[in-house]
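Asker: Here's a structure for you.
What follows is calculated from the coordinates using simple rules that are stated; it is not laboratory data. Here the structure is a predicted model, which is why all the values come from computation and not from measurement. Reconstructed Cβ throughout: ideal geometry from the backbone, glycine too, with neighbour counts over all protein chains shown.
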Amino acid sequence: MTTDTKELSNRSAAVTATSGKHNFNSGPSILPKEVFEEAAQGVLNFNGSGLSILEIGHRTKLFGAVIEEAIATLKELMQLDSEHEVLFLHGGASTQFFQVPMNLLDGNAVAAYTDTGIWGSKAIKEAKLFGSVDVVCSSKAENYTYLPKNFVLDKAKHAYVHITSNETVYGTQWHDLSPFYNSGVPVVADMSSDILSRQLDFNRFDLIYAGAQKNIGAAGVNVVVVNKRCLGKVTRALPSMMDYRAHIEASSLLNTPPVFAIYVCMLTLRWLKNFGGIAAAEKLNNQKAELMYQTVDALPIFKGTVAKEDRSTMNACFVATNEELEKEFLALCEKEGMVGVKGYRTVGGFRVSMYNALPLESVKAMTDLMKHFAQTKG
Ligand SMILES: *Cc1c(COP(=O)(O)O)cnc(C)c1O
């Protein structure tokens, strides 16, 4: 390990939960230990106010400072320009599956969608309620084990192109986004499971959305980053709660927002900033993913399920050579305090999620266990 690596991993270990468990849950998932401690304190006595964060009004100065810091920190971390607005909304990422087309896709217009997994296909289903959908590529026939790159985007035809930047269930991630950026078609991304995990030019997206419960904070809120210029172009009437413009105007306080969930996001964003921002997180995430996949590839009893070039740094999916071994390894994981390792039912095997707050030590513990298991079974 380089000194640099050591320092990064020490820092992450120092701030992450060490309850004896290694948390590889796919979402809701691990958050930094200091966030749990501060959030717990905020429930008892928020900022020395003598009140709980759970009992203060959302239009108070106390909460105003929380949401302002959350928005400002996110803008800073993502280096957003003045055209991009940050919103904290209800309904999870799944609400964005329909709120996006409601706001961006007119009834007679066509949007391009990439069908790269469960989440993308759900987004397609909802978008069809509001306009035409052109599925420009799909890896469904191969059980979503790779990212199809033979798509054609047409500036004259497509109102926007929708991508899932990281497919949480199948473990694929778009590493090269330039075909989308360079198409001239506005890009909309579901970044639920890799937002803030790697450096991207976030200003090149018209809209980014993410459920908070993977890399940003607690469940119950989602983050939307939207370029103001793309709004107000559809002809349909929008209910206020569904209209991004109304939320922008009200600074995410159109109605009572998920106060506590936003508080946890603010604490996590503050933590990430102190950690060194997205650049530091990316470095650590690459180290974790490298170690994980090297181990999968080196041990003959395990096999990665995804095309190597499309492997996700966030969710590593792999199987064992037979079902009996899978059961045995899952039982061993449980015994060793490795949580959330079972793969999604349509993929089987294992999924190891390695979000920002997961320390390198947890991946080391997992890969050591895999090596030990392979030895006893080899
Ligand atoms: C988890 C997830 C969702 C769903 O999020 P909810 O907040 O439960 O609606 C959507 N897209 C992706 C990529 C996800 O990982």
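Asker: In whole Hz, what ³J(HN,Hα) sequence does the stretch 120-133 give by Karplus (6.51, -1.76, 1.60; θ = phi - 60°), x for Gly and Pro?
Answerer: In residue order, the calculated couplings are x, 5, 5, 5, 4, 4, 6, 5, 4, 5, 10, x, 8, 10 Hz.
Asker: Measure off 7 Å from each Cα along the Cα-to-Cβ vector at Ser251 and Lys364, then give the distance between these two points in nanometres to one decimal.
Answerer: Spacing of the two 7 Å Cα→Cβ label points: 4.5 nm.
Asker: Roughly what % antiparallel, to the nearest 5, for the DSSP beta bridges in the chain?
Answerer: Working: 23 of 41 bridges.
DSSP beta bridges in the chain are roughly 55 percent antiparallel.
Asker: Let me ask another. Using only the Cα atoms of the stretch 40-275, what semi-axes does the equivalent ellipsoid have when each is the square root of 5 times a gyration tensor eigenvalue? Give whole Å, largest first. Please report the intermediate quantities before stating the final value.
Answerer: Working: eigenvalues 203, 76, 46 Å².
Equivalent ellipsoid of the stretch 40-275: 32, 19, 15 Å, largest first.
Asker: Hey, what do the phi angles of the stretch 84-96 turn into as Karplus ³J(HN,Hα) couplings, whole Hz, using 6.51/-1.76/1.60 and θ = phi - 60°, x for Gly and Pro?
Answerer: 9, 9, 10, 10, 10, 10, 7, x, x, 4, 4, 5, 5
Asker: Where does the charge balance sit around Gly91 when Lys and Arg score +1, Asp and Glu -1, over other residues with C-beta under 14 Å from its C-beta? Spell out each step's value before the answer.
Answerer: Working: positive: Lys122; negative: Glu126, Asp190, Asp243.
Residues near Gly91 contribute -2 overall.
Asker: Per-residue ellipticity at 222 nm for the chain, helices alone: DSSP H runs ≥ 4 residues times -39500 (n - 2.57), over residue total, nearest 500 deg cm²/dmol? Intermediate results must be reported in sequence, preceding the final value.
Answerer: Working: 11 runs with 146 residues, N = 378.
The per-residue figure over the chain is -12500 deg cm²/dmol.
Asker: Taking Cα centroids, how far is the stretch 157-198 from the stretch 279-343 in Å?
Answerer: Measuring centre to centre over Cα atoms gives 23 Å.
Asker: Next question. Among the listed pairs Lys75/Lys273; Lys283/Lys335; Lys335/Lys364; Lys122/Lys288; Lys214/Lys288, which are separated by more than 19 Å between their Cα atoms?
Answerer: Details: Lys75/Lys273 11 Å; Lys283/Lys335 30 Å; Lys335/Lys364 17 Å; Lys122/Lys288 30 Å; Lys214/Lys288 16 Å.
As for pairs spanning more than 19 Å Cα to Cα, those are Lys283/Lys335; Lys122/Lys288.
Asker: Order of Ile124, Ile262 from fewest to most other C-beta atoms within 10 Å? Show your work: numbers first, answer last.
Answerer: Working: Ile124 20, Ile262 25.
Fewest-to-most ranking of Ile124, Ile262: Ile124, Ile262.
Asker: Test of understanding: what is the full-extension gain from Asn108 to Glu37, defined as 0.36 nm times their sequence separation minus their Cα-Cα distance?
Answerer: Values: separation 71, 0.36 × 71 = 25.56 nm, distance 5.06 nm.
Separation in residues times 0.36 nm, less the Cα-Cα distance, equals 20.5 nm.
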